[in-house]
Amino acid sequence: MKAPTATWLTKVRYAPLRFEGEPGTIANENMLMFSMSSEEARQTTTHDLVGFLENSFREYALKASAAAARSFWFYAWHDEMAGQLRISAAQAARAEELPFGCQLKITDKANRIAESLLRSDYLGGIPLSELTVSSWEEDDVGHDDFVLEVFARPILISA
């Protein structure tokens with residue numbers, strides 16, 4: 001079994017990108033999600049995932065350039081709850097303004113996200129047995145402290 005990144009990159013190449021609309025809607029519609037099994041993770045290196053993220057950035061940048069999109073960011077993160085690598089593009093003046101509901105730690109090092117995914121104990125997502133039930137009132141408590149590390153790179157379009 002080989003790393004799944006070649007198959008993933010094909011998905012990126014053929015995925016349409018949206019550039020018009022509300023920032024959160026654009027981000028959700030441009031998001032792609034990638035999962036891997038424990039066996040695939042053993043066959044995948046940090047270098048494989050960094051290469052995938054770099055190539056994905058180039059694919060998103062080509063599409064944005066063709067559409068003359070302005071102020072767009074490519075970004076990627078490890079969604080540990082879902083056990084996925086996620087990528088997207090959204091309109092934002094700065095990376096800190098990307099549409100997340102938590103604090104962001106922005107990095108320009110793709111290997112940080114790659115290593116987080118490969119080291120995860122939750123490639124299949126967090127099991128229900130490890131989750132706790134909370135009420136709506138409790139949902140907002142303590143979430144201000146959550147910081148998500150995001151690999152972000154501006155998509156620069158020359159005029």
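Observations
- For Phe34, the test of being surrounded by 19 or more Cβ atoms within 10 Å (Cβ to Cβ), touching a strand residue (DSSP E or B) at 6+ places or on another chain (Cβ under 9 Å), part of a helix (DSSP H, G or I) and in contact (Cβ under 8 Å) with a residue 24 or more places away in the chain is failed.
- Counting only strands (runs of 3 or more DSSP E) that sit wholly inside the range 63-139, those with at least 1 residues that are in contact (Cβ under 8 Å) with a residue 24 or more places away in the chain and among the basic types (Lys, Arg) are 84-91, 103-107.
- For the range 1-31, the candidate set comprises residues that are within 13 Å of Leu118 (Cβ to Cβ) and not hydroxyl-bearing (Ser, Thr, Tyr); within that set, the residue that is surrounded by the fewest Cβ atoms within 10 Å (Cβ to Cβ) is Ala3.
- Residue match in the range 61-82 (condition: under 12 Å from the mean Cα position of the chain (by Cα), surrounded by fewer than 20 Cβ atoms within 10 Å (Cβ to Cβ), of a type in the set (A, V, I, L, M, F, W, C) and over 21 Å from Pro4 (Cβ atoms)): no
- Hits in the range 15-31 (condition: closer than 16 Å to Arg86 by Cα and not in a loop (DSSP other than H, G, I, E, B)): Gly24, Thr25, Ile26, Ala27, Asn28, Glu29, Asn30
- First in the range 9-22 and at pLDDT below 95, second anywhere and assigned to a loop (DSSP other than H, G, I, E, B), Cβ under 6 Å, 6 or more apart: Phe19/Ala67; Phe19/Ala69
The values are calculated or read from the model by the stated rules, or taken from the named source; none is laboratory data. Keep in mind that this is a model prediction, so the values were computed, not measured. Glycine also receives a Cβ, built like all others from the backbone with ideal geometry; neighbour counts cover every protein chain displayed.
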